[in-house]
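What follows is calculated from the coordinates using simple rules that are stated; it is not laboratory data. Every value quoted in this text rests on a predicted model; they were computed, and no experiment measured them. With ideal geometry, Cβ positions are generated from the backbone for all residues, glycine too; neighbour counts draw on all protein chains shown.
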There are 2 protein chains.
Amino acid sequence: MSNPEYQQRKAFFDQLLTIYGRKPVLEALQDSAMQIYKLHLADSNKDDGIIRDIKKIAQQRNINIEFHDRKALSRISKNGKQDQGVAADLQLSGYQPSTVISKDMLSSGKQRYIALDRITNPQNMGMIIRSVAASGIDGIILPRRGGAPLTALVIKASAGTLFRAPLFYCENLAKELARMQADGAQICGLSSHAKHSVFENPVSTSQIYILGNETDGVSNDIERLCDTMLKIPMHNGVESLNVAVTAALIAFLGR
Amino acid sequence: MSNPEYQQRKAFFDQLLTIYGRKPVLEALQDSAMQIYKLHLADSNKDDGIIRDIKKIAQQRNINIEFHDRKALSRISKNGKQDQGVAADLQLSGYQPSTVISKDMLSSGKQRYIALDRITNPQNMGMIIRSVAASGIDGIILPRRGGAPLTALVIKASAGTLFRAPLFYCENLAKELARMQADGAQICGLSSHAKHSVFENPVSTSQIYILGNETDGVSNDIERLCDTMLKIPMHNGVESLNVAVTAALIAFLGR
């Protein structure tokens, strides 16, 4: 199955982000800037207010609607408990599996990424995506689970940049970081308690900066594999910065 | 009246920020981190739920309560239409009139400030204050009117850093900027349409960077007096950054 056609189809499907839930899908449909590949509905849905609106807008926008039984839909949404019988595939031009970041790329010594370890606030997630996309660094690495899901809220907070941002998803962040480390990247954890400044980290390898959870920082298992922990030096007794501000400072730093 | 005692008293009163309105004042009282100098109440207030709570907490915290007639209170709040008969003086250790930024200081060529021209979102205002305080640049210049008032919302978004941040207030921003320009500072307006990058602005004078309103940018009358307009260079088709992110980038990375 490695013929060119399959590869092309795989690359296309890899760029789809499936969102779910009645409100998030309705909001995505209402935003004409959102590129939607397909709408998925459970055939058990009652034809009430919001479902009727969803269908109507999808028809107006000429978006393919597929009907599924409840079980098949939950396989598509990957969250049967919260999908409310509705899912949609968004097309994101920069959304790819992190496995495309190869050893050759990392060992060039020129790449820079920001990895997100359980960023839970959708507002922060959106602002990080917007700032990192603007900075022009190589991209954001984010695990599929454990952080804010990429819903309409995040898309809004990203000012629509989610559709173009270089986003590399993985299943298990710790494993993927260990792989990238083996492939030549320096793994840098961010912590306000660190000794060294992020502004004084002269290395010739590629770098991956890890931003941890808003409350408890970088996970223990990920901190253990970090080559170095770094801080943003702060004045006036300020103890921490908003995580999206930290992301922007790191991303723009390497200009 | 220029005896030392008067000067000292004046310096103390210059550091007071008066907030008003029942909800903002109640929230400030409930936050033990807030240093409150005095509570002002109109004697016409009915002793109902929220007023009773305000009095109770002020007594528990040993905060001086002063009663005024309606007219006197509106002179204190400077906003009789919205004060709801309640005002409080917060003590901010870094809050001073911008006139203390002298010609000597500006002509040293080493100072850097960020001036806020009608930033209206309290969340943005708080994040700007937090980031600029952390950066260690010389301070924020903000007019008393025309932007988000420094309410409990801003204090929360600043993560409490408002109490220590170097904040220089003025009555008329355009006038004060013209004065600082005459005193040797370069006035730089931020605009996404500018030709030159904020990261490539090699000057030997002190600088004041102006961040404009979230929607329509720097005011026309202020843009006219700018020595230069600068942008944050952006990639991936991103058209703008959050204003608090812009503030952080200038404060930490400029020069």
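The figures follow:
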{"item": "Nearest-ten-degree value, helix B:122-135 long axis tilted from longest Cα axis of chain B", "result": "60 degrees"}
{"item": "Within chain A, percent of DSSP bridges classed antiparallel, to nearest 5", "result": "25 percent"}
{"item": "Convex hull volume per residue for the stretch B:4-91, taking Cα atoms only, in Å³", "result": "93 Å³"}
{"item": "Selected from A:Gln84, A:Leu39, A:Tyr113, residue furthest toward positive end of dipole (the stretch A:13-113; charges at beta carbon)", "result": "A:Tyr113"}
{"item": "Using a 7 Å Cα-to-Cβ projection, A:Asn62 label spacings across copies, nm, ascending", "result": "7.4"}
{"item": "Label distances, nm, A:His196 versus same residue in remaining copies, Cβ-directed 7 Å point", "result": "3.6"}
{"item": "HN-Hα J in Hz across the stretch A:176-193 - Karplus 6.51, -1.76, 1.60, θ = phi - 60°, x for Gly and Pro", "result": "5, 5, 5, 5, 5, 5, 4, 7, x, 8, 7, 9, 10, x, 9, 8, 5, 8"}
{"item": "Charged-residue dipole, Cβ positions (Lys, Arg, Asp, Glu), the protein assembly as shown about Cα centre, Debye nearest 20", "result": "520 debye"}
{"item": "Within the stretch B:1-105, trypsin sites (Lys or Arg not before Pro) in DSSP loop having at most 13 other beta-carbon neighbours inside 10 Å", "result": "B:Lys46, B:Arg61, B:Lys78, B:Lys81"}
{"item": "Euclidean distance between Cα centres, the stretch A:63-78 to the stretch A:180-204, Å", "result": "42 Å"}
{"item": "Helical contribution to [θ] at 222 nm, DSSP H n ≥ 4, -39,500 (n - 2.57), averaged over the protein assembly as shown, rounded to 500", "result": "-10500 deg cm²/dmol"}
{"item": "Projected-area mean, chain A, by convex hull of Cα positions, square nanometres", "result": "15.4 nm²"}
{"item": "Beta bridges per DSSP with both ends in the stretch B:1-148, % antiparallel, nearest 5", "result": "55 percent"}
{"item": "Length-normalised contact order for chain A - Cα pairs under 8 Å, 6+ apart - percent", "result": "20 percent"}
{"item": "Of the GluC sites (Glu not before Pro) in the stretch A:169-255, those whose Cβ has at most 16 other Cβ within 10 Å and which sit in DSSP loop", "result": "A:Glu171, A:Glu200, A:Glu214, A:Glu239"}
{"item": "Degrees, to the nearest 10: B:4-14 long Cα axis against longest axis of chain B", "result": "80 degrees"}
{"item": "Farthest positive-ward along chain A dipole, Cα basis, beta-carbon charges - from A:Ser192, A:Ile232, A:Ile250", "result": "A:Ile250"}
{"item": "Approximate spin-label separation B:Asp47-A:Lys103, in nm, with each point projected 7 Å along Cα-to-Cβ", "result": "8.1 nm"}
{"item": "Value in Å of the Kirkwood radius, where the protein assembly as shown supplies the Cα pairs that are averaged", "result": "25.5 Å"}
